[in-house]
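See below for the structure under consideration.
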Amino acid sequence: MGALTANDDYVLEVLREEELVTPGQVEEARHLITSDGMSVVDALVAAKTISTKEILRVLAGRFGMDMISLADQAIPPDVVTAIPPDVARRYRVVPVSKHDNTLTVAIGDPLDVDTLDSLRYLLKCNIEGVVAAPDEIQVAMDRYYASESSIETMIDHLAEGTVDMVASGRPGLTESTDIAESDVPIIKLVSLIIYEAYRNRASDIHLEPLEKRFRVRYRIDGVLHEVDSPPKRLQAAIISRVKIMANMKIAEKRLPQDGRIQVNIKGRELDLRVSTVPSSHGEAVVMRILDKQNLMLGLPKLGFLPDDQETFTRLIALADGILLVTGPTGSGKTTTLYACLNHINRPDRKIITVEDPVEYQLSGVNQVQVREDIGLTFGAALRSILRQAPNVVMIGEIRDNETARIATEASLTGHLVFSTLHTNDAPSAITRLLDIGIKPFLVASSLRAVMAQRLVRCVCPHCRERHRPTATELKLLGVAADQMRGVEIYRGHGCNQCALTGYSGRMGIFEIFQVTDEIQRMIFEKYSASDLRQRARERGMRTLREDGLRKVLAGLTTLDEVLRVTMGDIE
């Protein structure tokens with residue numbers, strides 16, 4: 001709490017009045033004070049008797065100020081520019097909103113009225129203060145007040161060979177002999193953007209031309225975060241450099257394009273799938289980062305609890321039939337399928353995949369890339385690979401009647417078939433296959449199981465704290481308050497390790513729908529998806545939300561996350 005040291009006695013008095021600390025705890029804290037100037041309040045925080053945020057929240061209330069979380073704020077550019085960068089850094093403040101002649105700023109010390117007075121004088125406007133945690137203010141300043149010089153400094157410190165990009169059929173950046181000296185900073189800047197994305201565990205890089213700026217955002221744990229952005233004047237050069245490395249046509253700016261870049265970051269091989277699309281202020285670029293090492297995950301690391309893992313391991317060891325993984329785009333279906341193939345990939349099994357596109361190269365697996373421009377569709381590729389006598393076939397996605405029909409026939413002739421469908425829950429896959437045009441008796445006899453999945457963010461282990469669920473949360477989850485009595489659940493309050501989000505990494509929640517003899521009969525008799533779902537639940541199937549709740553109780557994720565990803569599901 002260093003900023004409050006001068007007001008130590010006042011802060012302690014407030015904390016005692018609010019009954020947040022006891023005299024005994026204060027005396028114990030005094031024994032922790034060392035000669036380095038630590039205050040009693042600092043000692044209370046160090047001993048975890050009370051948190052910095054709790055102190056700030058109480059003090060903010062005393063001064064009639066709101067307490068906000070900057071991690072949840074997206075500050076508009078016109079508000080950011082209301083305070084010059086040097087002023088923001090000098091007074092350690094961040095503007096939050098602006099209305100008429102009033103500017104709302106976040107400060108880290110509600111007792112620091114001098115800062116608010118100084119800002120009123122310097123900015124010639126009314127200033128209203130809100131309180132935010134000092135570490136959140138620092139992160140916001142780094143995000144919104146990154147200068148060109150700071151980006152140049154980062155580029156200078158990026159060691160040669162840290163990022164080596166090689167596009168198919170083109171020389172790598174470090175190998176090219178015709179790079180102009182003026183291009184070197186752009187090459188380094190693109191390398192820096194990719195390296196920072198990798199270092200922050202991002203799954204996607206978004207380069208977005210806006211009217212007055214060039215925005216860079218990383219998708220981390222499924223959520224977009226804006227980062228330090230290059231100046232607008234470098235927009236064209238950066239996009240051109242990415243297109244060169246992705247083997248795209250630089251002159252073509254009217255049509256969408258796709259490409260791929262191979263990246264080696266400190267000895268780790270990544271693939272970047274690059275997509276461009278024309279927008280109002282230039283071409284928008286998305287680079288999806290595909291980490292080959294993530295495919296070597298064992299099934300437990302996907303997020304299975306022991307009983308579901310045992311069930312799923314038994315299913316993927318079957319000799320024939322269809323196993324489907326369902327869920328919306330970005331729910332981890334492809335990662336799950338690759339993990340399955342990696343688990344069953346043995347020398348005595350021949351595995352062939354048909355994909356569009358081939359996202360990862362799997363050792364020992366024959367992978368076929370769909371190319372509709374030359375007639376190599378899913379259906380055509382499937383017909384051909386079945387003549388190769390595979391044991392296991394993986395189809396990227398069942399999209400039409402032809403693909404579904406061939407997959408069904410393959411499963412009935414002794415092949416194990418993996419594929420994906422876009423449905424919200426597992427039983428709805430039956431309805432989808434029937435809508436595509438597959439006969440009920442074929443679905444009933446070929447389908448072995450359907451697994452629906454979603455991805456939830458994991459609680460940050462460095463800053464997790466106990467959380468008491470609200471009545472609203474319990475109602476939405478369908479859980480009675482007495483069921484939660486004596487149960488500890490957690491949430492993250494945000495720290496530097498998790499960029500103040502409270503989350504670190506993601507895991508799956510699952511709904512495994514097994515096709516038993518009874519379910520086969522119901523499919524043959526054209527029962528509805530809701531009837532199938534009800535019967536499966538009576539037989540022990542857990543829904544996505546129920547599996548998510550189990551992981552909340554295990555301290556792995558939060559109620560908010562489970563509600564967020566299952567809110568649209570029928571329970």
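Quick notes on this one:
- Cα Rg over Rh - region 358-479, Kirkwood: 1.13
- Taken per residue, the accessible surface of the chain reaches 49 Å², heavy atoms only and a 1.4 Å probe.
- Prolate/oblate/rounded call for region 482-530, Cα gyration tensor, a/c under 1.5 rounded: prolate
- Taking all protein chains together, K350, K266 sort by accessible area into K266, K350, largest first [probe 1.4 Å].
- Once the Cα-Cα distance is subtracted from the 0.36 nm per residue extended length, the E226 to N101 segment shows a gain of 42.3 nm.
- Spacing of the modelled spin labels on R521 and A74, each 7 Å from Cα toward Cβ, amounts to 5.3 nm.
- For the pair region 315-360 / region 191-242, the C-alpha centres are spaced 31 Å from each other.
- Per-residue accessible area (protein heavy atoms, 1.4 Å probe) orders K48, K124 as K48, K124, starting from the largest.
- Between S363, A133, V479, the Cα set farthest toward the positive side of the dipole of the chain (charges on each charged residue's Cβ, about the Cα centre) is that of S363.
- In the assembled protein chains, M65 presents an accessible area of approximately 30 Å² (probe radius 1.4 Å).
- Mean separation of Cα contacts under 8 Å, 6 or more apart, over the residue count of the chain: relative contact order %: 9 percent
- I374 accessible area, assembled protein chains, probe 1.4 Å, Å²: 110 Å²
- Each DSSP beta bridge with both residues in the chain is either parallel or antiparallel, and the antiparallel ones are about 65%.
- For the chain, C125, C340, C458 have no disulfide-compatible partner, since no other Cys C-beta lies under 4.7 Å from theirs.
- Listed by chain and number, the lysines whose C-alpha is less than 23 Å from the C-alpha of K333, apart from same-chain residues fewer than 8 away, are K292, K301, K350, K551.
- Model label sites at A317 and E269, defined 7 Å from Cα along the beta-carbon direction, differ in position by 3.1 nm.
- Expressed as a whole percent, the accessible area of region 206-351 that falls on carbon and sulfur atoms is 51 (1.4 Å probe).
- Calculated FRET efficiency for the pair I344/R201, C-beta based, R₀ 25 Å, to 0.05: 0.35
- Reciprocal of mean inverse Cα separation for region 6-134 (Kirkwood radius, Å): 16.0 Å
- Cα centroids of region 363-437 and region 83-137: 59 Å apart.
- Farthest toward positive dipole pole in region 437-531 [+1 Lys/Arg, -1 Asp/Glu at C-beta], among I512, A499, T470: A499
- With 0.36 nm allotted per residue and the present C-alpha distance subtracted, the R539-L553 stretch has 2.8 nm of extension available.
- Within the set [x] 29.3; [y] 24.7; [z] 32.1, the number that mean projected area of the Cα convex hull in nm² takes when calculated for this structure is listed as [z].
- Between 0 and 90°, nearest 10: helix 148-157 axis offset from the chain longest Cα axis: 60 degrees
- Each of P95, I316, A246 was scored by the projection of its Cα onto the charge dipole of the chain, and the greatest displacement toward the positive side belongs to I316; charges sit on the C-beta of Lys, Arg, Asp and Glu.
- For region 351-433, the relative contact order comes to 27 percent (Cα pairs under 8 Å, sequence separation of at least 6).
- Gyration tensor verdict on region 337-426 (Cα atoms; rounded if a/c is under 1.5, prolate if a/b is larger than b/c, oblate otherwise): rounded
- Heavy atoms of C495 accessible to a 1.4 Å probe, total area in Å² rounded to 10: 20 Å²
The values are calculated or read from the model by the stated rules, or taken from the named source; none is laboratory data. Model, not experiment: these values are computed from the prediction. Reconstructed Cβ throughout: ideal geometry from the backbone, glycine too, with neighbour counts over all protein chains shown. Surface areas here come from the heavy atoms of the whole protein model, side chains and all, with no ligands, DNA or RNA. Shrake-Rupley method; radii C 1.70, N 1.55, O 1.52, S 1.80 Å.
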